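Notes follow once the structure below has been shown.
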């Protein structure tokens, strides 16, 4: 890229810094919670906001398309002959906000404090998703063109597992054909240390329901003669893992690809301060599968976690009841080559072997599956991203994974045949999915420059 063109877009970003921050705050005020039906209209409103912002940035063919669920916003700019086509991805839906009383300020009234923006969706993913739009505007307004062909794919259902996206992509695959995907739903290791994301875990979920008598019963009259579903469920849950966290479901580990020496050495290079980690999450000591480091356990080993358990009387005081139902929700994070459609069957078979007399147990698979995802470290998009991160931070990026799941990465690979390069600026301490979520304003500004550089580099490499 020429020094002049670089200076021009940098000047544009600096001149519009206050405007862009104000627009992010406006975007964050929309309570686009995709999991709650009462906020479906707000998810649409957020999509409409993205449509207007893409138009203002200078993108073409901007549309909000129905999916059968929450919508997708698309746009393109396809005038870079002989250059690659990049699909830019992000999402404008958010997680719910409960527990509300733990927020310092209302979650959809963004608050600026100590160089941070506090709001639900600030880091995951509205602040990050807005960054590439602003970068494209800076390039288009200063040079009249983009250095690569671009298609945009911004969705409103990522936080519920993108359930309608596979069918939507399959129907519209020609409209989203690309050489690679760049995802703004990603992050960096710290404010000083960049990171290149090369993998994420998959996901599946089940709900276990234990039923006993037809109705709740008096615990004095019937206690001791009728099975208690809560006791039965607790006993079943205790059989799923051993005391070290190893999963005891038969066949659970059968498809897990063992860690090679090179992988373990790569992960061992990632700094990990156990004391600081414990302090950050508020625990005295760590827990997990024996034989693996904390980094390995959270990035490249599968898990089975009970997310919630309920049943019987839960109000103040005492009610002498023998409940007739108890429930638990479980999610499993999966690694290559585990199948999110097979794991629930294995859990179901395990539970059926543990069922107690007098209790009927049902295991139901819940929506929101995701396959594990892995991109080759030396993918051309990774090489370009690494170069830009090196220039931006002045440090070699770590090669990292995430313990979370990004379902759309595998969908893009499966339907479009394109790998997804993670290029976002969130950080793990920014409380996404939790009260007081925030995004660093410095990351918001740095990301805009980095996206300009990345698009420029991808365009230059195509002509080299």
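The set of residues from segment 268-297 being touching a residue at least 40 places away in the same chain (Cβ under 8 Å) and in contact with a helix residue (DSSP H, G or I) (Cβ under 7 Å, 6 or more places away or on another chain) comprises 270, 288, 289.
Looking at 158, 175, 192, which one is in the same structural domain as residue 90 (by TED's automatic domain parsing) and closer than 16 Å to residue 416 by Cα?
Numbers: 158 fails: closer than 16 Å to residue 416 by Cα; 192 fails: closer than 16 Å to residue 416 by Cα.
That would be 175, the only listed residue that is in the same structural domain as residue 90 (by TED's automatic domain parsing) and closer than 16 Å to residue 416 by Cα.
Hand me the list of helices (runs of 4 or more DSSP H) wholly inside segment 113-226 holding 2 or more residues that are within 30 Å of residue 326 (Cα to Cα), touching a strand residue (DSSP E or B) at 6+ places or on another chain (Cβ under 6 Å) and touching a residue at least 40 places away in the same chain (Cβ under 8 Å).
The qualifying helices (runs of 4 or more DSSP H) are 219-222.
Checking each residue of segment 94-109 against the condition of being touching a residue at least 24 places away in the same chain (Cβ under 8 Å), more than 20 Å from the chain's Cα centre (by Cα) and surrounded by 23 or more Cβ atoms within 10 Å (Cβ to Cβ) gives no match.
Is it true that some residue in segment 454-463 is modelled with pLDDT under 95 and touching a helix residue (DSSP H, G or I) at 6+ places or on another chain (Cβ under 8 Å)? Yes, that holds for at least one residue. In segment 335-359, the qualifying residues are those that are touching a strand residue (DSSP E or B) at 6+ places or on another chain (Cβ under 6 Å) and part of a helix (DSSP H, G or I), and the one that is surrounded by the fewest Cβ atoms within 10 Å (Cβ to Cβ) is 348. Looking at 319, 246, just one residue is at pLDDT below 95 and either in the same structural domain as residue 353 (by TED's automatic domain parsing) or more than 30 Å from residue 223 (Cβ to Cβ) (or both), and that residue is 319. When residue 63 is tested against (1) touching a strand residue (DSSP E or B) at 6+ places or on another chain (Cβ under 9 Å); (2) surrounded by fewer than 22 Cβ atoms within 10 Å (Cβ to Cβ); (3) under 20 Å from residue 423 (Cβ atoms), just one condition goes unmet, and that condition is (3). Selection of segment 308-337 for residues being touching a residue at least 60 places away in the same chain (Cβ under 8 Å) and closer than 16 Å to residue 206 by Cβ yields 309, 326, 327, 328, 329, 330, 331, 332, 333, 334.
Only one of the listed residues (203, 240) is at pLDDT below 95 and either surrounded by fewer than 13 Cβ atoms within 10 Å (Cβ to Cβ) or more than 25 Å from residue 318 (Cβ to Cβ) (or both). That residue is 203. Kindly evaluate residue 414 against the criterion of being crowded, with 20+ Cβ neighbours inside 10 Å, out of contact with any helix residue (DSSP H, G or I) (no Cβ under 6 Å at 6 or more places or on another chain) and either free of Cβ contacts under 8 Å to residues at least 12 places away in the same chain or assigned to a helix (DSSP H, G or I) (or both). The answer is no for residue 414. The residues of segment 388-407 that are touching a helix residue (DSSP H, G or I) at 6+ places or on another chain (Cβ under 6 Å) and either in a helix (DSSP H, G or I) or outside the structural domain of residue 193 (by TED's automatic domain parsing) (or both), listed by number, are 388, 392.
The residues on offer are 424, 447, and the sole one that is in the same structural domain as residue 191 (by TED's automatic domain parsing), within 26 Å of residue 33 (Cα to Cα) and assigned to a loop (DSSP other than H, G, I, E, B) is 424.
For segment 360-387, enumerate the residues that are free of Cβ contacts under 8 Å to residues at least 24 places away in the same chain and either in a loop (DSSP other than H, G, I, E, B) or in contact with a strand residue (DSSP E or B) (Cβ under 9 Å, 6 or more places away or on another chain) (or both). Break it down stepwise before answering.
Here is the first cut: in segment 360-387, the ones free of Cβ contacts under 8 Å to residues at least 24 places away in the same chain are 378, 383.
Hit for segment 360-387 is 378, nothing else.
The values are calculated or read from the model by the stated rules, or taken from the named source; none is laboratory data. Just so you know, these numbers come straight off a predicted model, no measurement behind them. All Cβ positions, even for glycine, are placed from backbone atoms using ideal geometry, and neighbour counts span all protein chains on display.
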